[in-house]
Amino acid sequence: MNREIPVADLLSQAAEGQERAIAILISEIEGGKARAVVDCLVGRPPNAQVIGLTGPPGAGKSTLAGRLASSLLAIGSKVGVVAVDPSSPFSGGALLGDRVRMDWPDQARPFMRSMATRGSTGGLAGATEDTVALLSWLGFTHVIVETVGAGQNDLAIAGIADTVVVVSVPGLGDSVQTEKAGMYEIADLHVVNKSDRPEAGQLAAELRHVTEPRDDWEVPVLLTNALDGSGVEELRDQIERHRAHLLEAGRFEGRRQERARSRLIAAAAARAESATRARLSEVGGLSEIAEQVVEGTLSVYQALDLVLAGDSDDSERDAWLDRGLP
Ligand SMILES: Nc1nc2c(ncn2[C@@H]2O[C@H](COP(=O)(O)OP(=O)(O)OP(=O)(O)O)[C@@H](O)[C@H]2O)c(=O)[nH]1
Ligand SMILES: [Mg+2]
């Protein structure tokens with residue numbers, strides 16, 4: 001049913017603030033129809049500030065994202081929250097399975113959406129960045145992207161966000177030293193959430209000890225309690241300060257250009273992959289080629305040459321198969 005509404009109509013409904021239209025557009029992006037949406041967004045510079053929130057499962061990222069959104073709304077921002085591959089998704093602006101209620105200021109609410117990107121082409125970078133582009137086009141000033149920091153995604157967030165907030169929690173048993181080094185390299189800000197727990201101060205101290213400045217930026221280590229919101233205004237202010245720092249140092253554009261470049265490469269790889277898959281499914285003699293790889297008479301690279309050579313001339317490939325490679 002949704003598919004029948006033209007993208008242009010959905011965009012104008014979304015621009016009027018209809019959340020359902022935004023939700024349908026994001027579903028199109030997730031469902032592999034990103035191009036139909038994203039091509040319509042050209043002509044407006046993507047100005048939304050993208051804040052990445054990453055950390056271990058259950059660290060309180062969603063609760064914190066809600067609080068941060070609330071704090072940004074209070075200063076007149078238009079805020080979207082996108083949870084990528086969450087273990088506990090949002091539904092209707094609420095955090096499923098949790099009793100924490102958000103108090104949105106003056107009826108302003110953030111737009112909240114969970115996305116599943118696992119297995120989709122381009123993964124986190126593709127679908128999320130397209131969603132960010134959509135929200136930015138719609139006039140959102142801030143987009144908070146929550147990712148679970150387990151696997152590649154915690155590092156992929158660095159390729160998407162202007163400001164990366166790494167959320168840690170006390171009492172997980174890991175000492176700072178045993179955590180993956182990658183997390184430190186991507187953090188623009190560290191947050192120790194669940195500051196109501198006794199070990200929070202100790203963890204913050206350890207983080208301060210190991211954190212090094214990045215490009216003239218002293219990475220702050222903040223304490224938050226997402227349940228009661230303490231520390232969240234400070235977090236918001238530090239995020240704004242980080243943006244100002246990037247702009248002042250002339251690094252904001254640089255980061256975004258770097259992002260656009262990686263995006264281009266990822267899109268090229270995705271396109272090449274689907275073209276190769278299509279080629280593989282249409283090419284004849286594929287099972288013979290695969291058999292030769294199994295038998296060790298062809299290397300996988302030679303097999304690929306054969307498959308691609310078939311592009312221009314199938315008879316050439318057949319001849320190769322008959323006589324074997326030189
Ligand atoms: N004590 C305490 N509990 C918190 C705090 N922040 C969040 N929680 C609780 O921690 C649990 C997990 O919170 P979420 O916000 O769902 O955590 P998350 O990191 O988004 O979790 P996933 O998306 O499932 O990885 C919930 O029960 C929250 O109520 C905090 O500052 N202190
Ligand atoms: Mg969450």
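Simple point charges give the picture: +1 on the Cβ of Lys and Arg, -1 on the Cβ of Asp and Glu, and for region 171-287 a dipole about the Cα centre of about 820 debye. Can you compute the modelled spin-label distance between Val293 and Glu234, with each label point 7 Å from Cα toward Cβ, in nm? Once both label points are built, they end up 5.5 nm from each other.
In order along region 244-254, the Karplus-derived 3J(HN,Hα) couplings, from 6.51 cos²θ - 1.76 cosθ + 1.60 at θ = phi - 60°, round to 4, 4, 4, 5, 4, 7, x, 9, 4, 4, x Hz, and Gly and Pro are given as x.
Placing a pseudo-label 7 Å from each Cα along the Cα-to-Cβ vector at Ala8 and Phe252 gives an inter-label distance of 3.3 nm.
Only protein heavy atoms count here; on that basis, with a 1.4 Å probe, Val145 has an accessible area of about 0 Å².
For region 1-90, which GluC sites (Glu not before Pro) are in a loop by DSSP, counting at most 13 other Cβ atoms within 10 Å? List each step's numbers first, then the result.
Working: sites: Glu4, Glu16, Glu19, Glu28, Glu30; in loops: Glu16.
Those that pass, being in a loop and sparsely packed, are Glu16.
Amide hydrogen proximity for Leu222: with H placed 1.01 Å from N in the peptide plane, the residues at 5 or more positions away or on another chain lying under 5 Å are His190, Val191, Val192.
The values are calculated or read from the model by the stated rules, or taken from the named source; none is laboratory data. In this text the structure is predicted, and so the values were computed from the model without any measurement. When we count neighbours, we look across all protein chains shown, and the Cβ atoms used for this are built from the backbone with ideal geometry, even at glycine. Surface accessibility is based on the protein's heavy atoms, side chains included, excluding ligands, DNA and RNA. Shrake-Rupley method; radii C 1.70, N 1.55, O 1.52, S 1.80 Å.
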